[in-house]
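Working notes, beginning with the structure itself.
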Amino acid sequence: MLKSLQKAAKFAEGNLILLILLSIAAGIAFGWLFPAQAKGLKSLSTVALFVMLYPMMIGLRIEEVGKAATNLKLISLSMIFNFVLSPLLAAGLAWLFLRGRPDFAVGLILTGTVPCAGMVAGWTGYAKGNVALALIIVALSLLVSIVMIPIWMPILAGVYVHIDALGMFKDILIAVVVPLILGDLTRRAIIRFRSAETFQQVKPILPGVSMLGMYMIVFISMALEANNVTQHPQYFIIVLIPLAFLYAILFTGAVLSSKLAGFRYEDMIAFSYGVAGKNISIALALATIFFSPMTVLVLALKPVIQIAFMTAFLRLSPWLARRMFAPRTAEAPAAGGSK
């Protein structure tokens, strides 16, 4: 049974883009064919949010934050990228491309404001980067985002839609912190009453369960806006273009900043994924709670662009290791020395 669940979870995680696109298509089809029934799906959003966020939090170790001081320079720069540069960049792109479409602009700004995701550690491992450092960035950015999202969204997205900063802070505490606490307690309970080995067997299942909630959210949101989307198919292109610019600039900026700061290759990988691997689940959750289904469309399409850029960066990483972040040779002769 456990192995079957692990295989199903692996399929859900490995086919993220395909399943997201199928969820979008299925939601639009359902909403178009059964508009009355589609309206009733909104009541299921709370369940879908919990299914999406709770499993994700079980595998997150907040205690990793305590190790942040071991690489203060890189951690500080990652927080500046995640919570200053990234939100401002998203807001600039929203003004440039989407200022006439407020719902889409808010979605892009939210994309740039949320923290990085737990999958950052996995991608860092694939690229032979510093996984321990990636885990620290993930844990710390989640905690910082609880304060920074309610600060930035009214300032940057408030020009498009009304946002209650205090209300957003309270709802983030409920939507993010409660699953975070429950997830941490669940992980500790499994380890205490079962074993650490049991938790390691359960852990691979968690991302797949979380993604099930994500697909539910996308399906519900697209069903609610089916008529609007079918009448305006150009929305997909309008949304994808600024998203592509956002990720291209984030990855390029992360690599160049790492080079200027003198980071090792392994740390550069963790840093780059840590500032560009945005948390899809939290962004979708906040869009569902606070904004319209058309804002959710931006977040539903985000994985298509994000995974494409993360995969491209993975393919590029060996070249970066050779050409930009090759280890220095200790025995290199001094300038002007004998050959």
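The values are calculated or read from the model by the stated rules, or taken from the named source; none is laboratory data. All values reported here derive from a predicted model rather than from experimental measurement. A quick note on method: Cβ atoms are made from the backbone with ideal geometry, for glycine too, and the neighbour counts reach across all protein chains shown.
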Scanning the range 302-319 for residues that are surrounded by fewer than 21 Cβ atoms within 10 Å (Cβ to Cβ) and within 14 Å of the chain's Cα centre (by Cα) gives Val304, Ile307, Ala308, Phe309
Looking across the range 10-33 at residues that are under 18 Å from the mean Cα position of the chain (by Cα) and of a type in the set (A, V, I, L, M, F, W, C), the single one that is modelled with the lowest pLDDT is Ala12
Test: Pro102 is on the phi < 0 side of the Ramachandran plot and under 18 Å from the mean Cα position of the chain (by Cα) = no
Check on Phe251, in contact with a Leu (Cβ under 6 Å, 6 or more places away or on another chain), surrounded by fewer than 23 Cβ atoms within 10 Å (Cβ to Cβ) and assigned to a helix (DSSP H, G or I) = no
Selection from the range 158-169 of residues that are of a type outside the set (A, V, I, L, M) and modelled with pLDDT of 90 or more = Gly158, Tyr160, His162, Phe169
Specify which of the listed residues (Ile58, Ile62) is surrounded by fewer than 21 Cβ atoms within 10 Å (Cβ to Cβ), among the hydrophobic types (A, V, I, L, M, F, W, C) and in contact (Cβ under 8 Å) with a residue 60 or more places away in the chain.
-> Ile62
Meets criteria (in contact with a Ser or Thr (Cβ under 8 Å, 6 or more places away or on another chain), under 30 Å from Ser292 (Cα atoms) and part of a helix (DSSP H, G or I)) for Met168 = no
Across the range 63-121, what is the total count of residues that are under 22 Å from Phe169 (Cα atoms) and polar (S, T, N, Q)?
-> 4
Picking from Leu98, Leu74, Leu85, Leu133, which residue would you name as being in contact with a Pro (Cβ under 9 Å, 6 or more places away or on another chain) and surrounded by 15 or more Cβ atoms within 10 Å (Cβ to Cβ)?
-> Leu98
Take the range 171-210 and flag every residue that is among the small types (Gly, Ala, Ser) and touching a residue at least 24 places away in the same chain (Cβ under 8 Å).
-> Ala175, Gly183, Gly208, Ser210
Pairs only if they're at least six apart or on different chains, beta carbon under 8 angstrom, first in the range 116-127 and over 13 Å from Asn279 (Cα atoms), second β-branched (Val, Ile, Thr); list them, first residue then second.
-> Thr124/Val131; Thr124/Ile269; Gly125/Val131; Ala127/Ile269
For the subset of the range 173-209 comprising residues that are assigned to a helix (DSSP H, G or I) and of a type in the set (Lys, Arg), which member is nearest to Leu284 (Cα to Cα)?
-> Lys203
Checked the range 1-33 for anything surrounded by 14 or more Cβ atoms within 10 Å (Cβ to Cβ) and of a type outside the set (A, V, I, L, M, F, W, C); matches are Gln6, Lys10, Glu13, Ser23, Gly27, Gly31
Of the residues in the range 210-239, those that are in contact with a helix residue (DSSP H, G or I) (Cβ under 6 Å, 6 or more places away or on another chain) and either outside any helix (DSSP H, G or I) or under 19 Å from Phe309 (Cα atoms) (or both) come to Glu225, Val239
Listed residues Ile174, Ile205; which is surrounded by fewer than 14 Cβ atoms within 10 Å (Cβ to Cβ), modelled with pLDDT under 90 and β-branched (Val, Ile, Thr)?
-> Ile174
Is it true that some residue in the range 34-49 is within 15 Å of Val209 (Cα to Cα), within 23 Å of the chain's Cα centre (by Cα), among the aliphatic types (A, V, I, L, M) and surrounded by 20 or more Cβ atoms within 10 Å (Cβ to Cβ)?
-> yes
